[in-house]
Amino acid sequence: MRIRIDKGVCIGAGQCALTAPKVFTQDDDGFSELRPGHETDAADPLVREAARVCPVQAITVEDAAE
């Protein structure tokens, strides 16, 4: 599984970092980014919850085959 963040859509609300802080953080400008080494942690149920609570749906969780 793979996590994607659409940087063109992200508004920096920070809900992802609050929901799954081991996987998401915010860059210097306040926008969402993955913590190093967590690009494939999509199996963590908190990652799917972070994608669900994103107010602009900037996060997608995909199967590796997609």
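The values are calculated or read from the model by the stated rules, or taken from the named source; none is laboratory data. The structure presented is a predicted model; accordingly, all values stated were derived computationally and were not measured. Cβ atoms come from the backbone with ideal geometry, glycine included; neighbour counts cover every protein chain shown.
With the structure loaded, tell me whether ARG48 is basic (Lys, Arg) and either surrounded by fewer than 16 Cβ atoms within 10 Å (Cβ to Cβ) or in a loop (DSSP other than H, G, I, E, B) (or both) or whether it fails that test.
no
So that you can scan it fast, the table gives a plain yes or no per residue for (1) hydrophobic (A, V, I, L, M, F, W, C); (2) in a helix (DSSP H, G or I); (3) surrounded by 12 or more Cβ atoms within 10 Å (Cβ to Cβ):
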| site | (1), (2), (3) |
| --- | --- |
| ILE11 | yes, no, yes |
| PRO21 | no, no, yes |
| THR25 | no, no, yes |
| ASP28 | no, no, no |
| PRO36 | no, no, no |
| GLU39 | no, no, yes |
| PRO55 | no, no, no |
| VAL61 | yes, no, yes |
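Taking into account only those residues within the range 17-49 that are over 15 Å from LYS7 (Cα atoms) and small (Gly, Ala, Ser), which is modelled with the lowest pLDDT?
The qualifying residue modelled with the lowest pLDDT is ALA42.
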